[in-house]
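See structure below.
The values are calculated or read from the model by the stated rules, or taken from the named source; none is laboratory data. These numbers were taken from a predicted model, which means no experiment stands behind them. Cβ placement follows ideal geometry from the backbone for every residue including glycine, while neighbour counts extend to all protein chains displayed.
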Amino acid sequence: MSDVREQRPTAEEELLTLRQLVQVQRELEEQINRVFAPEDEALRYALQASAEAGLPHINISPIEGKLLQFLALACRARTILEIGTLGGYSGLWLARALPADGRLITLELNPHHASVARRVFEHAGVSDRVEIRLGRALELLPALVSEGAGPFDLIFIDADKAPYPRYLDWALQLSRPGSIIVADNCLRDGRFFREPLDEVSAGIFEYCQRITTDPRLFSLALNIDSGYRDGLTVTLVREV
């Protein structure tokens, strides 16, 4: 019997295969965004306004925006809370899912970011249902609880990552059974599933641990951003 050994690919061949895979993933992501989450003039204006104002290029992807809108429509949301406004791109997706008498409260630390978001909401014709609150989220959230602003039907968390567990604490206080909590940037190449090495990854690691082990919550993760290397978690609140 002849000694036939499997020929392993060279390092150059493996690198080429990896590059081809990345290219396929990028093309697929672009096609999904184009077909399932096309951006109209108002959404393109939101991105342009952020870019011209020098805001960081960290907006959610179009398909993530469509998912947020889908979830808001599916749960017939009338009240939505967003932690982290940036330039209003994600808020616009959410506001468009609300009925005429619905309400989106969005929290933003940076006054410059908030001013861009106001222009975006006004341009899109949704400013009548959006309230931007300026300040640190961990100071604004207790105020929302104190004034009885909740419960919110949907809560979207997309701010600094280290405090994600504390945002979850307040989100639960502002929820009801049936509320949906969505958090962005919870995957990042799987780094947040391993033991954390810094404050940022520690925050996301603890957040993911809690939403998957708390019996009051029912959660999943979706890798639908950055070439499927990042994404968000979706949590249904069963009990509060």
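Observations, loosely collected:
- Exclusive hit being small (Gly, Ala, Ser), surrounded by fewer than 18 Cβ atoms within 10 Å (Cβ to Cβ), under 21 Å from LEU168 (Cα atoms) and without any contact (Cβ under 8 Å) to a residue 40 or more places away in the chain, set ALA143, ALA100, ALA74, ALA51: ALA143
- Exclusive hit being closer than 16 Å to ILE181 by Cβ, out of contact with any Pro (no Cβ under 8 Å at 6 or more places or on another chain) and in a loop (DSSP other than H, G, I, E, B), set PHE152, PHE156: PHE152
- Figure legend. Inter-residue proximity from region 207-218: first residues free of Cβ contacts under 8 Å to residues at least 60 places away in the same chain and under 9 Å from LEU236 (Cα atoms), second residues polar (S, T, N, Q) and crowded, with 18+ Cβ neighbours inside 10 Å, beta-carbon distance below 6 Å, spacing 6+ or different chains. Indicated pairs: LEU217/THR235.
- Applying the condition of being within 18 Å of GLN48 (Cα to Cα) and not β-branched (Val, Ile, Thr) to region 80-97 and asking which residue is surrounded by the most Cβ atoms within 10 Å (Cβ to Cβ) yields GLY88.
Every residue, every condition in (1) touching a residue at least 40 places away in the same chain (Cβ under 8 Å); (2) part of a loop (DSSP other than H, G, I, E, B); (3) of a type in the set (Ser, Thr, Tyr); (4) touching a strand residue (DSSP E or B) at 6+ places or on another chain (Cβ under 7 Å), yes or no:
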position: ASP128; (1), (2), (3), (4): no, no, no, no
position: ALA162; (1), (2), (3), (4): yes, yes, no, no
position: PRO165; (1), (2), (3), (4): yes, no, no, no
position: ASP169; (1), (2), (3), (4): no, no, no, no
position: ALA183; (1), (2), (3), (4): yes, no, no, yes
position: GLU195; (1), (2), (3), (4): no, yes, no, no
position: GLY203; (1), (2), (3), (4): yes, no, no, no
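- Residue in region 150-159 that is acidic (Asp, Glu), surrounded by 16 or more Cβ atoms within 10 Å (Cβ to Cβ), at pLDDT 95 or above and within 30 Å of GLU30 (Cβ to Cβ) present: yes
- Verdict on ARG176 being part of a loop (DSSP other than H, G, I, E, B) and touching a residue at least 24 places away in the same chain (Cβ under 8 Å): yes
- Assessment of region 182-192 against the conditions (among the aromatic types (Phe, Trp, Tyr), closer than 21 Å to PHE218 by Cβ and at pLDDT below 95) yields at least one matching residue.
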